[in-house]
Structures are given as C-alpha cells and as structure tokens.
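Working notes, beginning with the structure itself.
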Amino acid sequence: MELSFQKKLSKLLLIFLLLTSLNTYAQQDTTSVLNKFINEWLGRPYKLGGKTEKGIDCSQFTKRLYKDVFNLILPDVSYKQWNATKRILKGELIIGDIVFFRSKSSPSGWHCGIYIGDDKFIHTSNKYEGVKISILSDPKYTHSYRGAGRL
C-alpha cells in the first residue's frame, strides 16, 4: 500500500532531523576531542624531525593532530601537506584547517599549524616555546602567511 504524500514527507523530515542531530553530535564530539588534544600538547617541546611528546616539529604535529582528532592521515612534511590540501581563502578558515607560512628558521622553508578559530592557531613554534597558540593577525604571521588548506 502506497503512503500518502504527507506521510512520505513526514518520514523524510524525521530522517533529515535524525541526520542533522547526528551531525551536530559528531561535531560536538570532534570539538571535545580537539580541546583534549590541545590541552595535552600545549607546552610540549619542539624538536626538528621529532614525532613524540618528548619533541615534535610543526608538520609532525599537524599530522598527529589530524590522525588523533579527525582520523585522517596527512603526509610527513609541510610542503606535502600543502599539496595534499585544497586552497582556501583566509576569510573562509574553519576549525581544523591547516595554515602555512614561510620560515627562515626551517630547513624546508615551510611552517604550518592548525586553525582553532577566533584568529588563533596551534603549532609547534620553536625550540624555546614548543607547542603554543598564536594569533594569525600577529604581524610576524601576517608577513609570512602562505595560505591555508583543507582536506
């Protein structure tokens, strides 16, 4: 027996609401996992080529964050992460996007971090500061900004 148009519409609306609530739950869960990750890593030391809590560099940090928070695999180095992501405008940044910079202190000439909202990003800064949160509009980062990418 065929359902009336109104019943079909009601079922579609119910499915839509269910999917929307699941998506909202997934976003909230990702946000809490990201916040936990940030709290665990803030202040950890920088180490060129490092991959662990004892010392990590910027590209390994973004790779680790993407794996632990989003369950996605990034390449090992910044310029390969650049190549693996879709370019987005600075004004379109959302939490989780990768921000890229020119760096005179990096052997590769690249630096990267993860946008965490409100003009802020988390990154492994240098051997003196380690993992920290910085502001994109800081002149140091405005001057060296290359662009941003999204998977």
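The values are calculated or read from the model by the stated rules, or taken from the named source; none is laboratory data. Note that the structure is a prediction, hence the values are computed from the model and not measured. Virtual Cβ from ideal backbone geometry, glycine too; neighbours counted across all protein chains shown.
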(message) From the list SER106, SER59, SER134, exactly one residue is more than 15 Å from the chain's Cα centre (by Cα), surrounded by 15 or more Cβ atoms within 10 Å (Cβ to Cβ) and not acidic (Asp, Glu). Which is it?
(response) SER106
(message) Exactly one condition in (1) part of a helix (DSSP H, G or I); (2) within 15 Å of the chain's Cα centre (by Cα); (3) at pLDDT 95 or above; (4) surrounded by fewer than 18 Cβ atoms within 10 Å (Cβ to Cβ) is false for TRP82; which is it?
(response) (4)
(request) Could you grab me the full set of residues in segment 65-79 that are in a helix (DSSP H, G or I) and without any contact (Cβ under 8 Å) to a residue 40 or more places away in the chain? (result) LYS67, ASP68, VAL69, SER78, TYR79
(request) Could you please tell me which pairs satisfy a Cβ distance under 6 Å, a separation of 6+ or placement on different chains, a first residue in segment 117-136 that is touching a residue at least 24 places away in the same chain (Cβ under 8 Å), and a second residue that is among the polar types (S, T, N, Q) and in a loop (DSSP other than H, G, I, E, B)? (result) LYS132/SER125
(request) Find the residue count for segment 119-140, including only residues that are outside any loop (DSSP other than H, G, I, E, B) and under 21 Å from ARG64 (Cβ atoms). (result) 9
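Tally time: how many residues in segment 34-64 are assigned to a helix (DSSP H, G or I) and over 22 Å from SER108 (Cα atoms)?
Keep residues of segment 34-64 that are assigned to a helix (DSSP H, G or I), which gives 34-41, 58-64.
Narrowing further to those that are over 22 Å from SER108 (Cα atoms): 34-41.
Number of matching residues: 8.
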(request) Could you grab me the full set of residues in segment 137-146 that are surrounded by fewer than 17 Cβ atoms within 10 Å (Cβ to Cβ) and in contact (Cβ under 8 Å) with a residue 12 or more places away in the chain? (result) SER137, SER144, TYR145
(request) Working only within segment 86-103, note down all residues that are outside any strand (DSSP E or B) and either surrounded by fewer than 19 Cβ atoms within 10 Å (Cβ to Cβ) or among the aromatic types (Phe, Trp, Tyr) (or both). (result) LEU89, LYS90, GLY91, GLU92, ILE94, ILE95, SER103
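Looking only at segment 112-131, filter to residues that are of a type in the set (Phe, Trp, Tyr) and under 23 Å from PRO75 (Cα atoms); which one of those is surrounded by the most Cβ atoms within 10 Å (Cβ to Cβ)?
Narrowing segment 112-131 to residues of a type in the set (Phe, Trp, Tyr): 115, 121, 128.
Checking the rest, the ones that are also under 23 Å from PRO75 (Cα atoms) come to 115, 121.
Numbers: TYR115: 21, PHE121: 24.
The qualifying residue surrounded by the most Cβ atoms within 10 Å (Cβ to Cβ) is PHE121.
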